[in-house]
Every structure is written in C-alpha cells, then in structure tokens.
Amino acid sequence: MFPSVLFKDAKALESVKVSEEAFEDLFLGRLIDLTVKGRERYDLKPFFTMPVRDEETIVYRQEVARDLEDPEVRKVVLEFSKGMVAVHQYLQMLERLDYEYNKKGWFLEAVLEYCRTVKVFSESLERVGLRSEGLKRIREYLIGYARSPEFSSLFEEALRVKEGLSRVRYCLIVEPGKFSVKPYKGEKDYAVEIEAFFSKFKEEDRIGEYSFDLVKGIGMSHVEAKILDFVRRLYPEPFEELDTFCENHRGFLDEVILNFEREVQFFLAYLDFIEPLRERGLPFCYPEVRTSVRDEFVEDGFDLMLVHSLTGKIVTNSYRLDGIERVIVVTGPNQGGKTSFARMVGQIHYLACLGLPVPARRAKLFLVDAVHTHFEREEHVQNVRSKLEDDLLRMKSIIDSLTPNSLVILNEAFSSATLRDSLDISLRVLEKLLKIDCFVVWVTFLDELSRVSEKVVSMVALVSPQDPTVRTFKVVRKRADGRAYALSLARKYGLTYEEVRRRIRR
C-alpha cells in the first residue's frame, strides 16, 4: 500500500457511527466548517466525518499531529504545500488561456515548480527529526521518488526545454499598422534603456501588495500570440521540444504526493484552528485511547465551540468513570453549564476518534462505536405527532441501535410530560440503558435518576454559595439535592412567588 499519514495500512477500519441528530446537537458540523475554512480546495470534510474505532490508527495519527506541532517540521511541510498550490494554480489556469504555446509554456512552468518543490521537500525532510511512522514513511517514499530515474529524467528534460527556449533571441520591428519579426543579430536592446529611464519614478516606500487576476497577468493578446507564432517559425527546434515534452508528461503528478498533500491538510487545518485557543491558555492533549478497558477520565475539558465564540474567562470541567460506572446524571440550575458539559463529552470522544488533540488537559478515553443524542426539540405545527410521542419514538430508535460500546447523550428528555410522567418514563428508559451497559450522559432536573444504581454517577452544576442565582458553570461530582436549582425550576414553570401572586391578582 502507498504510504499515508491518515491510514497505517489497508485493513478495513470500523467507523464510529454518529447520528445526524448528534452531529447537529454537538455542533460538529459548525466545528468542521470553521476548521476547513480557507482550505476548500482540498475537500477535507470527508476526512473530518470519518471517526474510527481503531487504537493503532488513532495513535498513528496522533504521532503525525505531534510531529507537525514541531515548528521546524511544520515550516518544511508548509513550504511544500505552498509550492504545490502554485503547481495547481498553473495547471488550472491552462483551461482559461486561449493560445497553444501560452498554455504549453505554463505547463512547463508547472512541471518545473513541481520538481523543485518535491526535490526541496525530500531534502528538507532528511534534515528534520521525525518521530511519527506516518511522516517517516512519506519521507522514505519521497527520497526514493526524488532519486528515481523517472523523476530525474523529468526534471532534467524540463530544465533542458526551458533552457532551449530561453536562448531564443529575436527582433520585433514595429511600424504603423504592422510588425515583423526577424532573428536577433546584436541589435541594441531598447528595453534596457526604457526600464532604466522609468526606474527613477519608482518609490520603494510606497510599493505594497495588490491583488490581480493571474490569468490576465500572464495571458496573451492575439498580437502577442501572432508574434510568438512568427518566432516559432524562425526557431522551430526549441518549440518542437516543448511540444514533445508536453505530450509525453501530461500525467506528471505523482499520486502518492497528491494524496499526502491533501491528507496533511487535515492535520494542519485543525492545528491552525486550535492555535488561537492555545494562545489564550486553553489546554489540549492527545488522549490515551482504549477499546478494551472502559474506565475513562477527562481533566479540565471544555466545549470547543462555546469557547470559540467567547472571549472572557473559560471554566473547564472534569469527570471520571471507574469500574462499573457507566452513566453520568447531570443536574443543576438552568444555564449553569450542564448542556455545555454534555457537548464537551461528545466532542472530546469524536475528536479522539479522529486522532486529533482534544480540548482537555489530560484524558483517557474508551473508544465508542457510536454517538447518539436526544436533545429537546421545538414542536413543529406540521408534525402530526405530539411532542411527547415524538420524543418517545426518537428514544426508541436510539435504544434499538445501541450496543454496550455506544455513547448516548440526553438533554432534558421528556420535558413536555408532567413531572410524574417524565420521571416514570425516564426511569424506564434508564433501566434499559443500564441493561445495555452503554455510556450515558443525562442532563436532567430529575434528581431521582442519579440514585438509581451504583452504575450511575451524580454530577451537579454549581451556583455561588453567596448567591444561588449566580452560576459558576462548574460541574462537579456530588449528590444531587435539588436545592441549588429549585428557584430555576420554579421560574421555568412560572411558579415563583411573584408570578403566582401576579396570576392571583388577575
């Protein structure tokens, strides 16, 4: 198999199934869109939507990402990417050029840029220290490719054709309404004098960067094309060499190099996305991953999409599941960080299955085989079912697809039912989830769920001890007692003292 920085070998990998609801509820689509922004040419979304449940592949990717965090390695790869971008721009430009030899000239430039880029990249990789198997395999391939007779022949031939064209000298005689072309025989070069005359008008201090249309800048007018046609008739040999070169090397791009160019952007895009967050002091780590041991912990984790949109102080949270513990029941006041905590758990597992750094200081994770969510949905008029019926059908669909290795995140499930009915339904659902023995994060107002089994861990979103209406956004492991969010619950259902008195007055 050709070397790859995303896949260690050709074996079929078990992918992690992520439901459409989970993709939306965990903001994974938004996360991916922000990550790949500006790199649309590489079509990276398919890579970001292929989480895998394979320890070797994930560790393999983690090592590549670690290498790319080394400034020296990163610089070498970025220079390679920059050169390849130029190659693709030249080749794409050919479709928009009108004249044959204008196209062939830029095709030759694309080949030369490609050869220089590959040669410099292979030499640079020999000098930098690499630890990852993925980049070492790419380096080994590139060194062999750059030293191969085929590549050497391509590079040498391109240089020879370019040199042959550069030796062409001709005179252009311009007269009213016509021009002629003849061989150069030592005539005075007026271009040098013109350039020297206008050089005094240059002001270096005012030279800036300006955008321009690349095709317009290097394209030919019909007059220039006609001049070039006359030159070709005067000097047919170098143009015939160019014709032969273009014909023989149409498919000069190497498939492995093209594949690497795209795959490496998967890592660079994500590392660039999290760099500003790291500069703000937020921690990222490469988690320890396991498919056999189901204990796990996260230290100082956070909701990646939430912190991306916030500029103030960020509160991180931690959790741990040991032994037979499988379910985290999160209670506490509204807007206290419970939903962000649940999203954090889902995002961290998803990113870990991509082999990327996760938003946490330290983490040890069980590799799940699927991620499902059941978040509260707004009721739609066009839906003939009641909200509760819709919630129950969604939950049944999730339960039917779960395995002991799945992760399911529930957020305010069955809130449309009465308190008594909601508790009864939730207890029955939790009983089924405990029987399946899957991983669960359940955000709820129902304290009773946190005391059902020794498999259940109770976590509570805290409020300020001095003022219960002030959220700390800290979610900690503690027994749920309901007192911290009684006021929030009353407000949710319009049962505060002030609201009740206002209704009575009516």
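Tabulated results
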{"read-out": "Magnitude of the charge dipole, the chain, Cβ model with Lys/Arg +1 and Asp/Glu -1, debye to 20", "value": "1840 debye"}
{"read-out": "Violating pairs (Cα-Cα greater than 30 angstrom) within the set Lys432/Lys478; Lys8/Lys75; Lys104/Lys185; Lys37/Lys136; Lys82/Lys364; Lys37/Lys396", "value": "Lys82/Lys364; Lys37/Lys396"}
{"read-out": "For the range 274-505: relative contact order, % (alpha-carbon pairs under 8 angstrom, 6 or more apart)", "value": "27 percent"}
{"read-out": "Full-stretch length increase - Arg169, Ala191 - with 0.36 nm per residue and alpha-carbon distance subtracted", "value": "6.6 nm"}
{"read-out": "Charge context of Lys8, other residues only, Cβ under 11 angstrom, K/R +1, D/E -1", "value": "-3"}
{"read-out": "At 0.692 mPa s and 37 °C, Stokes D of the range 154-197 from Kirkwood alpha-carbon radius, µm² per second", "value": "253 µm²/s"}
{"read-out": "Viscosity 0.692 mPa s, temperature 37 °C, Stokes-Einstein D of the range 1-151 from Kirkwood C-alpha radius, µm²/s", "value": "182 µm²/s"}
{"read-out": "Estimated FRET transfer efficiency when R0 is 22 angstrom, pair Arg116-Glu241 (beta carbons, to 0.05)", "value": "0.65"}
{"read-out": "Shape box of the chain [Cα atoms, principal axes, largest first, Å]", "value": "104, 57, 47"}
{"read-out": "Within the range 274-505: Cβ-based charge dipole about Cα centre, in debye rounded to nearest 20 (Lys, Arg +1; Asp, Glu -1)", "value": "580 debye"}
{"read-out": "Whole-number D in µm² s⁻¹ for the range 274-505, Kirkwood Cα-pair radius fed into Stokes-Einstein, 4 °C, 1.567 mPa s", "value": "69 µm²/s"}
{"read-out": "Partner aspartates and glutamates for Lys387 [C-alpha distance under 14 Å; skip if fewer than 8 residues away on the same chain]", "value": "Glu376, Glu378, Glu379, Glu412, Asp421"}
{"read-out": "For the range 94-163, alpha-carbon Rg and Dmax in angstrom", "value": "15.3, 48"}
{"read-out": "Chain lengthening between Asp390 and Arg320 when straightened (0.36 nm per residue, less Cα-Cα)", "value": "21.9 nm"}
{"read-out": "Sparse-neighbour loop sites [chymotrypsin sites (Phe, Trp or Tyr not before Pro); the range 114-200; at most 14 other C-beta within 10 Å; DSSP]", "value": "Tyr184"}
{"read-out": "Contour excess over end-to-end distance, with Cα ends at Val476 and Val500 and 0.36 nm allotted per residue", "value": "5.4 nm"}
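Only the coordinates and a few stated rules stand behind these numbers; no lab work does. On a predicted model such as this, the values are computed, not experimentally measured, just so you know. Glycine gets a Cβ as well: all are built from the backbone with ideal geometry, and neighbour counts include every protein chain shown.
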